[in-house]
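Following: one structure in structure tokens, then a few remarks.
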Amino acid sequence: MYEVVRSDGSPYDDHWIMSKCDYLVGPPSTFTIWASWYGRVPLCHLKDRTARPHLIDFQWAKGC
């Protein structure tokens with residue numbers, strides 16, 4: 001079963017919620033990098049809209 005959490009819309013809450021995920025997938029941005037670093041969550045940046053990430057594509061943010 002999946003747990004769904006909804007943010008109140010603030011960037012701080014968004015980062016906190018994202019930091020609790022098992023994996024993060026998103027566009028190349030410091031927003032996802034920060035959430036990955038904060039929660040020590042593996043991250044995969046999608047640089048192409050047709051990309052299909054695999055587990056090997058996930059990396060730790062620098063400093064994790």
Express the relative contact order of the chain as a whole percentage, based on alpha carbon pairs under 8 Å and six or more residues apart in sequence.
-> 27
For the chain, with the dipole built from +1 on Lys and Arg beta-carbon atoms and -1 on Asp and Glu ones, taken about the Cα centre, which of Leu24, Thr50, Val4 lies farthest toward the positive end?
-> Thr50
Quick one: what do you get for the chain if you divide its Cα Rg by 2.2 N^0.38 Å?
-> 1.10
Return the sequence-ordered ³J(HN,Hα) values of the stretch 30-45 in whole Hz as given by the Karplus equation 6.51 cos²θ - 1.76 cosθ + 1.60 applied to θ = phi - 60°, using x for Gly and Pro.
-> 5, 4, 6, 4, 4, 4, 5, 5, 4, x, 6, 10, x, 10, 10, 8
Student exercise, the chain dipole from Lys, Arg, Asp, Glu Cβ charges, in Debye to nearest 20 | 220
Which peptide among 36-44, 17-25, 48-56 comes first, and what is the full order, when sorted by highest mean count of other Cβ atoms within 10 Å?
-> 36-44, 17-25, 48-56
Could you check how much of the accessible area of the chain is carbon and sulfur, as a whole percent, using a 1.4 Å probe?
-> 56
Surface per residue (accessible, 1.4 Å probe) for the chain, Å² = 86
Round to the nearest 0.05 the FRET efficiency obtained for Lys20 and Gln59 when R0 = 25 Å and r is the Cβ-Cβ distance.
-> 0.85
Could you run the Karplus curve 6.51 cos²θ - 1.76 cosθ + 1.60 with θ = phi - 60° over the stretch 49-55 and give me ³J(HN,Hα) per residue in whole Hz, x for Gly and Pro?
-> 5, 9, 5, 10, x, 10, 3
Convert each backbone phi in the stretch 9-26 into a coupling constant with the Karplus relation 6.51 cos²θ - 1.76 cosθ + 1.60 (shift: θ = phi - 60°), then list the ³J(HN,Hα) values in order as whole Hz, x for Gly and Pro.
-> x, 7, x, 5, 5, 4, 4, 4, 4, 4, 5, 8, 6, 7, 9, 10, 10, x
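The values are calculated or read from the model by the stated rules, or taken from the named source; none is laboratory data. Because the structure is a prediction, the values reported are computed rather than measured. Cβ atoms come from the backbone with ideal geometry, glycine included; neighbour counts cover every protein chain shown. Note: areas computed on protein heavy atoms with side chains; ligands, DNA, RNA excluded. Shrake-Rupley method; radii C 1.70, N 1.55, O 1.52, S 1.80 Å.
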